[in-house]
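Data first, discussion second: the structure below is written as C-alpha cells.
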Amino acid sequence: MSRWKATWGRSWPVPALVGAIMVSVAACSPELRPLAAVYLDGDGTPHALLRACDEDGRIRGPWLQGRLPTEAPDGATADAEEQDAEAEASAGEASAMAQPWIGWDTAGLHEAADFPLFSPPTAWKAVSRGPQTLRPGYEYELGFADPSDSYVYNGLVTFDAGQLAALPPGQVLTARGAMTREAFEDAARSAC
C-alpha cells in the first residue's frame, strides 16, 4: 500500500497536466459562425457572400481553397489533375506543388463583400493558384477570420460543384445548409 501511495503521489501531476493542455488547446479553436455563403447567379456564375462582425465591416485573410478528395470521385480525372499541375507550373508557382489546392488566398484586413467566387475584389491583391473555375470533384472551402484575433471566430462554408448546382433559385449555401439570402443575412447578424 505504501508503494501505491508513493507512485500515485509522484505520477498524479502528469494526467492533470495532460488534461489541462487538452482543455487549453480546445479553448483556442475559433468559433465557426454563419458569415460565409455561396450561390449561383441567374447566369450560373458562382458568387461569394462574406459578412463581418467587426463594426468597420472588416475580415481577415479571406480565402478559397479547392482540393480533390483523397480518393477522386467520378468526374475528377488524372488528366484534370495534370492540367492543374501544368497551369500552376506555367504560372511560376513552385510552392503550389507542395500544397495541391486551387483557388485564391489573401493576407491582411479587407472589407467584407459580395463578389464572383473566382474574382475577389482587386484591392485584396489575392494570389490565385490553378484554374479559377468551379471544378467537378473538388471540395471547396471559402472562409475568413476575425479581424482582431483570428482565434476568436471564423466565417466558413464548405461545398462542391454538385451542391451549388442543386441549390434552388434564390437560395444560398451556408455552413448551416441551404437557405434564402434573407435568412442568411439574419443568421449573420445574429451570429455577431
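Around residue 48, what is the net charge, scoring Lys/Arg as +1 and Asp/Glu as -1 over all other residues with Cβ under 14 Å from its Cβ?
Neighbour charge sum, excluding residue 48 itself: -3.
Shape verdict for segment 94-192, please, from the Cα gyration tensor: rounded (a/c under 1.5), prolate (a/b greater than b/c) or oblate. Write out the running numbers ahead of the final one.
Values: a/c = 1.85, a/b = 1.17, b/c = 1.59.
Because a/c hits 1.5 or more and a/b fails to exceed b/c, segment 94-192 counts as oblate.
Per-residue HN-Hα couplings for segment 133-143, Karplus 6.51 cos²θ - 1.76 cosθ + 1.60 at θ = phi - 60°, whole Hz, x for Gly and Pro?
9, 5, 10, x, x, 8, 9, 10, 9, 10, x
May I ask for the net charge around residue 145, where only other residues with Cβ less than 14 Å from the Cβ of residue 145 are counted and Lys, Arg are +1 while Asp, Glu are -1?
Net of charged neighbours comes to -2.
Provide the FRET efficiency to the nearest 0.05 for the residue 70-residue 133 pair, computing r from the beta carbons and using R0 = 25 Å. Could the numbers behind the result be given before it?
Working: r = 22 Å, r/R0 = 0.89.
Once the sixth-power term is evaluated, E becomes 0.65.
Magnitude of the Cβ-charge dipole of segment 112-192, K/R +1 and D/E -1, about the Cα centre, nearest 20 debye?
Working: 6 positive and 9 negative charges, 50 e Å.
Dipole size: approximately 240 debye.
Each value in this text was obtained by applying a stated rule to the coordinates, not by laboratory testing. The structure presented is a predicted model; accordingly, all values stated were derived computationally and were not measured. All Cβ positions, even for glycine, are placed from backbone atoms using ideal geometry, and neighbour counts span all protein chains on display.
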